[in-house]
Ligand code: URA
C-alpha cells in the first residue's frame, strides 16, 4: 500500500480554516471542494492514458487522453458526497458510483446500505472519496467491496486520517494495489473515535445537520 501525505502550504492553509470550529458550513463546503481538487491532482498521477493523434493549427502531433474503461469515482455516503464536485472538476470524464456504508451497532461491522456501481469493475481504476479516515472500518469495507467487483486498483482520497486508520487499512489490503492520498496525517483517535486534532464530524460540518 502506498500512502501519500500532502505537503503543500496551500493545502495546509485550507485545512487550517477547515478545522476551525468557527468556519460556517458554506465555507466548509467550498474549502472541501478546493482541497479535493488539489488532492485529486496527486491522486490521479497514475491514471491510465492512451495515445492519440491530433492536429494542432501548426502540425500533426501525438498526445494522450484518459484511457477507457474510464476511471470511476466513488464517494462514500454521506460525507464523501461533499468531495464529489472537487473531484469531477478535475476529471470530468470519470464515471461516478455511490456506496453507502453504515456500522451495524450489534456486530460493530460496517455493512453496505446503498450501492450504485457497475456489476463488473474489472480493469477499472477506482477513486474512493471519504473525508475522514478514522478507524478505517467503512473505508476498508468499501475497498473490499470494489475489489470483490473486480477493481484493478483503488486510490482513496481523505482530507484527514488517524494513524490507527492507516494501519488498519494497511493490515486489511495486504498486497492489493491500494493508494491513500491524505491532506494530513493527524495525531490519533480519541476515545469517541474522533480524529485529533481533526475537524469534528465532517458530515455535520458539511451539511449543518445530523
Ligand atoms: N468521522 C468524522 O466525521 N470525524 C472524525 O473525527 C472521525 C470520523
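Does residue 10 satisfy the criteria of being modelled with pLDDT of 95 or more, closer than 22 Å to residue 138 by Cα and outside any strand (DSSP E or B)? It is false that residue 10 is modelled with pLDDT of 95 or more, closer than 22 Å to residue 138 by Cα and outside any strand (DSSP E or B).
Of all residues in region 4-20, those satisfying the criterion of being touching a residue at least 24 places away in the same chain (Cβ under 8 Å) and out of contact with any helix residue (DSSP H, G or I) (no Cβ under 9 Å at 6 or more places or on another chain) are 5, 12, 19. Taken as a whole, region 171-189 holds at least one residue that is over 17 Å from residue 80 (Cβ atoms) and near the ligand (Cβ under 10 Å from one of its atoms).
Please count how many residues of region 194-210 are near the ligand (Cβ under 7 Å from one of its atoms), out of contact with any strand residue (DSSP E or B) (no Cβ under 8 Å at 6 or more places or on another chain) and part of a loop (DSSP other than H, G, I, E, B). Counting residues in region 194-210 that are near the ligand (Cβ under 7 Å from one of its atoms), out of contact with any strand residue (DSSP E or B) (no Cβ under 8 Å at 6 or more places or on another chain) and part of a loop (DSSP other than H, G, I, E, B) gives 3. Counting only strands (runs of 3 or more DSSP E) that sit wholly inside region 122-186, those with at least 1 residues that are touching a helix residue (DSSP H, G or I) at 6+ places or on another chain (Cβ under 8 Å) and surrounded by fewer than 21 Cβ atoms within 10 Å (Cβ to Cβ) are 153-161, 178-185. Each residue in region 120-134 was checked for being over 15 Å from the mean Cα position of the chain (by Cα) and over 13 Å from residue 177 (Cα atoms), and 3 of them qualify.
Taking the condition within 24 Å of residue 15 (Cβ to Cβ), out of contact with any helix residue (DSSP H, G or I) (no Cβ under 7 Å at 6 or more places or on another chain) and assigned to a helix (DSSP H, G or I), does residue 191 pass? No: the conditions fail for residue 191. Screening residue 35 on (1) touching a helix residue (DSSP H, G or I) at 6+ places or on another chain (Cβ under 9 Å); (2) on the phi > 0 side of the Ramachandran plot shows it passes everything except condition (2).
Residue count for region 29-54 satisfying the condition of being over 16 Å from residue 92 (Cβ atoms) and touching a strand residue (DSSP E or B) at 6+ places or on another chain (Cβ under 8 Å): 11. Checking the stated criteria, residue 92 turns out not to satisfy the condition of being under 19 Å from the mean Cα position of the chain (by Cα) and within 16 Å of the ligand (Cβ to nearest atom).
The values are calculated or read from the model by the stated rules, or taken from the named source; none is laboratory data. As the structure is a computational prediction, the values presented were derived from the model and not from experiment. Every residue, glycine among them, receives a Cβ derived from its backbone with ideal geometry; neighbour counts consider all protein chains shown.
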